[in-house]
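K.L.:
Sharing a structure here in structure tokens format.
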Amino acid sequence: MTHPARHSGGGVPAALRELDDLRTRMDQLMHAAFAGGGWPTFGGAEPWAPLADIEDAEDAYLVELELPGMDKDQITVEVSEGELDVHGEVKQREHTGAVRRHTRRIGQFDYRTTLPPNADIEHISAELSNGVLTVRVPKTEKGTTQRIEITG
């Protein structure tokens, strides 16, 4: 499955960021068109990626994911090898009547994004409010140039 992966805006021209955003949107559209597009997913189905925004603020990167109706206990946020991974499962709720239309996503979800080199992975925090999960990734101090002595 293709997972949205966005890179930091530091030093990347706006045109390249726009192309990356376009690629992410196209991936989501293709996944929706060919992987069930909102219809119920059943066991063994491929995970889907929730809609997300990444903001490059002055002191942190903010990753906001749309997860309506989810409880914090149903969501896992992990960082490994420079990658942020948010995953969980949206369970089908019981219906008492006949379902005439079903367009909300259910099943396993997985969102991954590569973290920039200046991400402070030791101080990441996450908050779920009004169906939006906000993961705050603080920035470390800007990289400083260090001269390396040449021997020989």
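The values are calculated or read from the model by the stated rules, or taken from the named source; none is laboratory data. Quick caveat, the model's predicted, so the values are computed rather than measured. Reconstructed Cβ throughout: ideal geometry from the backbone, glycine too, with neighbour counts over all protein chains shown.
K.L.:
Name the one entry in His123, His102 that is modelled with pLDDT of 90 or more and at negative phi.
P.N.:
Working: His102 fails: modelled with pLDDT of 90 or more.
After applying the criteria, what remains is His123.
K.L.:
Further question: Run down Val132, Val99 and say which single residue is of a type in the set (Val, Ile, Thr) and either surrounded by 11 or more Cβ atoms within 10 Å (Cβ to Cβ) or closer than 30 Å to Ala14 by Cβ (or both). Lay out the reasoning, then the answer.
P.N.:
On the way: Val99 fails: either surrounded by 11 or more Cβ atoms within 10 Å (Cβ to Cβ) or closer than 30 Å to Ala14 by Cβ (or both).
Of the residues listed, the single one that is of a type in the set (Val, Ile, Thr) and either surrounded by 11 or more Cβ atoms within 10 Å (Cβ to Cβ) or closer than 30 Å to Ala14 by Cβ (or both) is Val132.
K.L.:
Go through segment 86-127 residue by residue and tally those that are aliphatic (A, V, I, L, M), within 22 Å of Glu58 (Cα to Cα) and in a strand (DSSP E or B). Don't jump to the end; show me each part of the working.
P.N.:
If we filter segment 86-127 for residues that are aliphatic (A, V, I, L, M), which is where we start, we get 86, 90, 98-99, 106, 115, 119, 121, 124, 126.
Right, trim to within 22 Å of Glu58 (Cα to Cα) and you get 115, 119, 121, 124, 126.
Keeping just the survivors that are in a strand (DSSP E or B) gives 119, 126.
Of the residues in that region, 2 qualify.
K.L.:
Any residue at all in segment 75-90 that's out of contact with any Gly (no Cβ under 7 Å at 6 or more places or on another chain), of a type outside the set (Asp, Glu) and farther than 24 Å from Asp21 by Cβ?
P.N.:
yes
K.L.:
For segment 83-104, name all the residues that are touching a Pro at 6+ places or on another chain (Cβ under 8 Å) and more than 18 Å from Glu64 (Cα to Cα).
P.N.:
Scanning segment 83-104 gives Gln92, His102.
K.L.:
Shifting gears a bit: Out of all the residues in segment 25-38, which are of a type outside the set (A, V, I, L, M) and at pLDDT below 75?
P.N.:
Quick first cut of segment 25-38, residues of a type outside the set (A, V, I, L, M) only: 25, 27-28, 31, 34, 36-38.
Across segment 25-38, the qualifying residues are Asp27, Gln28, His31, Phe34, Gly36, Gly37, Gly38.
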